[in-house]
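The values are calculated or read from the model by the stated rules, or taken from the named source; none is laboratory data. What you are looking at is a predicted structure, and each value in this text was computed from that prediction instead of being measured. Glycine gets a Cβ as well: all are built from the backbone with ideal geometry, and neighbour counts include every protein chain shown. Remember, those area values only see protein heavy atoms, side chains included, never the ligands or the DNA or RNA. Shrake-Rupley method; radii C 1.70, N 1.55, O 1.52, S 1.80 Å.
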Amino acid sequence: MTIHYTISSDIFAKFPAYCRGVVLARQLTNPPSTGELVAELRAAERTLAERLSPETLTSHPQIVAWREAYRSAGIKPSEFRPSVEALARRVLKQDPLPLISTLVDLGNLMSIRYLAPIGAHALDFVTQDIELRLATGEELFEPFGSEAVEHPNPGEIVFVEGNTVLTRRWTWRQAKHTLVVPETRCVEINVDGLPPLTQAELAQICQAVAGQVQKYCGGTASYEIISKQNPSIELG
């Protein structure tokens, strides 16, 4: 089955330099993280704490870019933090990131290493095309850790499968629907980029993510970049 993955023209009209790397991994395993991976994660946490502090984080160019983009999209970054900022803030408060599973821990590792939003979605039960677009307000979102069903705000940037929201507020919070679990065997991993991160640098990050997935989870991994010039790809 082929799934089409699209970013709508409305997003690129407002953020023409935005691009999203999509790492597709199949036939993988997702066990608890090995000692080697945990060591990599803790080393990345230490490195981040050596580079930045809670006071200097929001002046880092890549964090500034996401905060400004959120404001431009009508999202208050102090209330709904971009995922990379929320993750980095936790690390800088000397709160070690929890160990969830290899794929989740890998995503956290690479996100704080490169200071880019990175999020994995299980594709095992996805049957419709997926898209990053503006919400109508009629979509359904069931957040992880809750039984409540929410509706996004009209005009909110959402990642969806049909009418089901997979992520609210661009990179803010994921839903249960594509949650990565130990049984997950197929994922797509989003790696988001805004200037000053270049598309070439984004590709290098995607290549590194794909390599780490193959190293720790096996299977196959490849990537493509979605951009204004290439707004749709196929996940075959």
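Taking 0.36 nm per residue of separation and subtracting the current Cα-Cα distance, fully stretching the chain between residue 80 and residue 234 would add 52.4 nm.
The string of couplings for the range 61-71 from the Karplus curve (6.51, -1.76, 1.60, θ = phi - 60°) is x, 6, 6, 4, 4, 6, 5, 5, 5, 4, 4 Hz, one whole number per residue in order, with x for Gly and Pro.
With point charges of +1 on the Cβ of Lys and Arg and -1 on the Cβ of Asp and Glu, referenced to the Cα centre of the range 134-236, which listed residue (141, 216, 229) lies farthest in the positive direction of the dipole? Value computed over the given set: 216.
Need one number: % antiparallel among DSSP beta bridges in the chain, to the nearest 5. Let's see the in-between values first.
Working: 36 of 40 bridges.
So the antiparallel bridges amount to about 90 percent of the total.
Amide H to amide H, with H built 1.01 Å from N, residue 115 comes under 5 Å of no residue 5 or more places away or on another chain. Along the range 91-98 the Karplus relation, 6.51 cos²θ - 1.76 cosθ + 1.60 evaluated at θ = phi - 60°, assigns HN-Hα couplings of 4, 6, 8, 6, 10, x, 5, x Hz to successive residues, with x for each Gly and Pro. Loop-located GluC sites (Glu not before Pro) across the range 30-70 with a Cβ neighbour count of 14 or fewer within 10 Å are 55, with loop assigned by DSSP. For the chain, a crude dipole built from +1 on the beta carbon of Lys and Arg and -1 on the beta carbon of Asp and Glu, taken about the Cα centre, is about 600 debye to the nearest 20. Taking every Cα-Cα distance in the chain and sorting them into 10 Å bins from zero, the calculated P(r) comes out as 8, 33, 40, 18, 1 percent. Which whole-angstrom value gives the distance between the alpha carbon centres of the range 20-92 and the range 122-177? Using only Cα atoms to place each centre, the spacing works out to 21 Å.
Check each of the GluC sites (Glu not before Pro) in the range 104-193 and keep only those in coil by DSSP with at most 14 other C-beta atoms within 10 angstrom; list them in order. Spell out each step's value before the answer.
Numbers: sites: 131, 138, 139, 147, 150, 156, 161, 183, 188; in loops: 138, 139, 147, 156, 183.
Those satisfying the criteria are 138, 147, 183.
Taking the range 67-146, which trypsin sites (Lys or Arg not before Pro) meet the DSSP loop condition and have no more than 12 other C-beta atoms within 10 Å? Hits after loop and neighbour filter: 93. The residues of the chain expose, per residue, 45 Å² of accessible area to a 1.4 Å probe. In this structure, the amide hydrogen of residue 228, modeled 1.01 Å from its nitrogen in the peptide plane, lies closer than 5 angstrom to no residue at least 5 positions away or on a different chain.
Say a site is exposed when it is one of the chymotrypsin sites (Phe, Trp or Tyr not before Pro), sits in a DSSP loop, and has at most 11 other Cβ atoms within 10 Å; what is then the longest site-free stretch of the chain?
Values: sites that count: 125, 144.
Counting only loop sites that pass the neighbour cut-off, the longest clear stretch is 1-124.
In the chain, the calculated helix contribution to ellipticity at 222 nm averages -10500 deg cm²/dmol per residue, counting -39,500 (n - 2.57) for every DSSP H run with n ≥ 4.
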